[in-house]
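Reading through the structure tokens given below for one structure.
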Amino acid sequence: MERLDKWLCAAGVGSRSQARDMVRGGRVTVDGEAVRQPERKISGENAVCLDGIPLQDKRRTVVLLLNKPAGYVTSTSDPNDPTVMELLPEAYRSLGLVPVGRLDKQTEGLLLFTNDGALAHNLISPKKAVEKIYYARHEGTATAADCEAFAQGLTLRDKTACLPAKLEPLGAGESLITVCEGKYHQVRRMMAARGMHVTYLERRQEGGLTLGNLPRGQVRELQEREILELLAK
Ligand code: URA
């Protein structure tokens, strides 16, 4: 629990005395009710608004899941293309969120963001072996020999060695690929190493997290339980 004026400062509305004036002026609501006492105690569970606009505590750890559409680059800024940051709702823009790993411009699907550097590192590190599952449409059809080559650990055309991965053919020109690392264009290059050019790629799962019914282009904030589960994998 924390004083409302202190919490407002942490949310970035201004100085402590400006925050007090905002509260006394009736501009601040807690859970929908106007509160005029700056000393009122609140917790992370309370919804705080200033002039009707929801505020966020910049100190809290946030993990967002985006269902990325094609056409956006995974970067915080880019001179030529729209970035995934532009898909984040306004309320999340000032929390210092950065993408966890990257999806290519044309790849769709599950992309995480966080403002917790240690958490991001844990999710990306191949040592933590967080599994990522991709759906690919591609030229050719994956064979048992291709699956075996993935399981052994592929060597890419430029001689880069990959950790063992899983290739599951779904039918002609369609497969699921599971990898624990995130090298540049990894899945496309792994498939190319076996002569299967990828024409469409979607990340469907990371750790225990799936896209669920989240529409393309939308984000949702993960619950604390989901963050712990993700790291437990
Ligand atoms: N592998 C790729 O080739 N591209 C992605 O966007 C993600 C994994």
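Is it possible to state the helix-based mean residue ellipticity at 222 nm for the chain, with each DSSP H run of 4+ residues giving -39500 (n - 2.57), the sum divided by total residues, to the nearest 500 deg cm²/dmol? What is it? If you can, show how the numbers build up before the last one.
Details: 6 runs with 50 residues, N = 233.
After summing the helix terms and dividing by residue count, I get -6000 deg cm²/dmol.
If the label point is 7 Å along Cα→Cβ of LYS127, which residues in region 168-191 have backbone nitrogen under 17 Å from it?
180-182, by backbone N distance to the label point.
Any idea what log10 I(q)/I(0) is at q = 0.10, 0.13, 0.17 Å⁻¹ for the chain, Debye with uniform C-alpha scatterers and no solvent?
Log10 of I(q)/I(0), two decimals: -0.57, -0.82, -1.18.
Quick one: length gained pulling THR178 to ALA145 fully straight, 0.36 nm per residue minus the C-alpha distance? Can you show the working numbers first?
Values: separation 33, 0.36 × 33 = 11.88 nm, distance 1.65 nm.
Net length gain for the segment: 10.2 nm.
Which FRET efficiency value, to the nearest 0.05, is calculated for LEU170 and ARG216 with the Förster distance at 22 angstrom and r the Cβ-Cβ distance? All intermediate terms of the calculation are to be shown ahead of the outcome.
Numbers: r = 21 Å, r/R0 = 0.93.
Rounded to the nearest 0.05, the efficiency is 0.60.
Which percent, to the nearest 5, of DSSP beta bridges fully inside the chain are antiparallel? Don't skip to the answer; put the middle values down first.
Numbers: 42 of 45 bridges.
Bridges in the chain that DSSP calls antiparallel: roughly 95 percent.
Out of region 1-54, which GluC sites (Glu not before Pro) are coil in DSSP terms and have no more than 15 other C-beta atoms within 10 Å? Present the calculation step by step, with values, prior to reporting the outcome.
Values: sites: GLU2, GLU33, GLU39, GLU45; in loops: GLU39, GLU45.
Hits after loop and neighbour filter: GLU39, GLU45.
Cα-based Rg of region 151-229 per 2.2 N^0.38 Å, rounded to two decimals?
Details: Rg = 14.9 Å, N = 79, 2.2 N^0.38 = 11.6 Å.
In units of the globular-protein estimate, region 151-229 measures up at 1.28.
Subtract the Cα-Cα distance of LEU156 and LEU88 from 0.36 nm times their separation in residues, and report this length gain in nm to one decimal. Please list the in-between numbers first.
Details: separation 68, 0.36 × 68 = 24.48 nm, distance 3.45 nm.
Length gained between LEU156 and LEU88: 21.0 nm.
Between ALA192 and ARG225, 0.36 nm times their residue separation minus their Cα-Cα distance comes to what?
Values: separation 33, 0.36 × 33 = 11.88 nm, distance 3.78 nm.
Separation in residues times 0.36 nm, less the Cα-Cα distance, equals 8.1 nm.
Region 164-233 to region 10-69: how many Å between their Cα centroids?
Spelled out, the Cα-based centre of one part sits 36 Å from the other.
For region 36-91, what log10 I(q)/I(0) values come out of the Debye formula at q = 0.16 1/Å, with one point per alpha carbon and no solvent?
Cα-only, vacuum Debye calculation for region 36-91: -0.70.
Viscosity 1.002 mPa s, temperature 20 °C: give me the Stokes-Einstein translational D for region 115-193 in µm²/s, with Rh taken as the Kirkwood radius over C-alpha pairs. If you can, show how the numbers build up before the last one.
On the way: Rh = 13.2 Å.
Here the translational diffusion coefficient equals 162 µm²/s.
Going Cα to Cα from LYS6, which lysines come in below 29 Å? Please leave out same-chain ones fewer than 8 positions away.
Leaving aside lysines fewer than 8 places away in the same chain, those within reach of LYS6 are LYS41, LYS58.
Name all residues of region 147-188 having a backbone nitrogen under 15 Å from the label point set 7 Å from the Cα of ARG102 along its Cα→Cβ direction, giving them as ranges.
Answer for region 147-188: 182-188.
Among rounded, prolate and oblate, which fits region 77-147 when a ≥ b ≥ c are the square roots of the eigenvalues of its C-alpha gyration tensor, a/c under 1.5 means rounded, and a/b larger than b/c means prolate?
Working: a/c = 3.16, a/b = 1.56, b/c = 2.03.
Because a/c hits 1.5 or more and a/b fails to exceed b/c, region 77-147 counts as oblate.
Run down the lysines and flag those whose C-alpha is under 28 Å from the C-alpha of LYS159, throwing out any fewer than 8 positions away in its chain.
LYS105, LYS127, LYS128, LYS132, LYS183
Which whole-Hz ³J(HN,Hα) couplings does region 113-129 yield from phi under the Karplus relation 6.51 cos²θ - 1.76 cosθ + 1.60, θ = phi - 60°, glycine and proline marked x?
10, 8, 10, 10, x, 5, 5, 4, 4, 4, 6, 7, 4, x, 4, 7, 6
What's the whole-number percent of alpha carbon pairs in region 186-233 lying beyond 12 angstrom? Kindly include the intermediate steps, with their values, before the conclusion.
Working: 812 of 1128 pairs.
Here the long-distance tail beyond 12 Å is 72 percent of all Cα pairs in region 186-233.
When every alpha-carbon pair in region 27-146 is counted, what percent end up more than 20 Å apart?
Numbers: 4170 of 7140 pairs.
Of all Cα-Cα distances in region 27-146, 58 percent exceed 20 Å.
In whole Hz, what ³J(HN,Hα) sequence does region 16-29 give by Karplus (6.51, -1.76, 1.60; θ = phi - 60°), x for Gly and Pro?
Computed from phi, the couplings for region 16-29 are 4, 6, 5, 4, 4, 4, 4, 5, 5, x, x, 8, 10, 10 Hz.
Give the long-range amide H neighbours of THR83: residues separated by 5 or more places, or on another chain, with amide H under 5 Å away, using H modelled in the peptide plane at 1.01 Å from N.
Under 5 Å from the amide H of THR83: VAL73.
With θ set to phi - 60° and the Karplus curve 6.51 cos²θ - 1.76 cosθ + 1.60, what are the ³J(HN,Hα) couplings of region 147-160 in order, to the nearest whole Hz, using x for Gly and Pro?
4, 5, 4, 4, 5, 6, x, 6, 10, 6, 4, 8, 6, 5
Coordinate-derived values only; no laboratory data. This one's a predicted model, so the numbers in the text were calculated from it and none came from an experiment. Neighbour counts run over all protein chains shown; Cβ positions are idealised from the backbone, glycine included.
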